[in-house]
Amino acid sequence: MDTVALAVTDGMLHFELALAHEVFGAAPDGVAGPWYDLVVCGPGPVRAGRFLLEPDHGLDRLPRADTVIVPGWADVDEEPPADLVDAVRAAHEAGARLVSLCTGAFVLAAAGLLDGLRATTHWAHTEVLAARHPEVEVDPDVLYVDNGRVLTSAGKAAAMDLCLHLVRLDRGSSVANAVARRLVVPPHRDGGQAQFVTTPVPAPDHHPLAELLPWVLERLDRPLTVEDLARRARMSSRHLGRHFKAATGTTPLQWLLTQRIRRAQELLETTDDGIETVAAATGMGTAATLRRHFHRTVGVPPDTYRRTFRARNRPGPDSGERHSRP
């Protein structure tokens, strides 16, 4: 069972803390096997917004966790507490995976864990983070960044995206989707998607893509092109691209590839279909094409991905094997 520790102190943002607790605190209905062992670690009673929390353990518990999550830090004009920074650094040195939600990135940066890495935080604070920590490559235009053992997210909803990404890495797409269904949130938004879209998205029933996206998801086994999507949406390819950028922060082709990869993950986890069959079912055409795109996107070949999640789903002690995107 993986231990997830929430590192808290006075001044934490309660929203990010609560959503991490909701995701990792209990398994969704129908998911077999052990869930995460969630612990809350802090220097004593701490205040998050208007809430007073009593942590389960002190900050010295962090180095014994498999994953340490640092929720948002409210006052980015102040340096985070030294005891929190030291404990987070010690956890990293002990081999823990470190995750920041929203402005929790300021804590990881203060600990030196983001030096030389790409990272993100809430778009309103990216300039402050970059100015205070010039050794960090701050990317203001993404939802989250996965560097393997160090991960950072933008604010609010993007923090949920990163938490679901962690579940997907650890337990597979079908389990992450089950968590998303319980929380009534989208099951996957790619980390490279823009975190701030300047064009407001109209109500779903009236949005130009409202009918197109479900239509595409029902036809992922077909060799769809941008022209096919534009024809279905009754607009030019250029016009379609503008709508996709405004609504999803990415291009039609990249969105389509992401959906094909996610479908492949589900099939690899839940069926015994051969790679050629999975390639056909996801519109990839050939096993070679699937392997190339899958390895580049997920970080491991389809065969390895299947063995990993099949092993995790078998009864018995956890194998301890992990895979994450580079």
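The values are calculated or read from the model by the stated rules, or taken from the named source; none is laboratory data. Keep in mind the model is a prediction, meaning the values are calculated, not measured. Note that we place each Cβ from the backbone using ideal geometry, even for glycine, and neighbour counts take in every protein chain shown.
Laid out as a table, the results:
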| item | result |
| --- | --- |
| Subset tally (residues that are touching a strand residue (DSSP E or B) at 6+ places or on another chain (Cβ under 8 Å) and surrounded by 11 or more Cβ atoms within 10 Å (Cβ to Cβ)) for segment 28-48 | 10 |
| Selection from segment 241-264 of residues that are farther than 19 Å from residue 293 by Cβ and at pLDDT 90 or above | 241 |
| Test: residue in segment 253-268 that is surrounded by fewer than 14 Cβ atoms within 10 Å (Cβ to Cβ) and touching a residue at least 40 places away in the same chain (Cβ under 8 Å) | no |
| Segment 15-27: number of residues that are touching a strand residue (DSSP E or B) at 6+ places or on another chain (Cβ under 6 Å) and buried (at least 17 other Cβ atoms within 10 Å of the Cβ) | 3 |
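Here is a yes/no grid of residues against (1) modelled with pLDDT under 95; (2) surrounded by 14 or more Cβ atoms within 10 Å (Cβ to Cβ); (3) within 23 Å of residue 15 (Cβ to Cβ):
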{"site": "74", "(1), (2), (3)": "yes, yes, yes"}
{"site": "89", "(1), (2), (3)": "no, yes, no"}
{"site": "101", "(1), (2), (3)": "no, yes, yes"}
{"site": "110", "(1), (2), (3)": "no, yes, yes"}
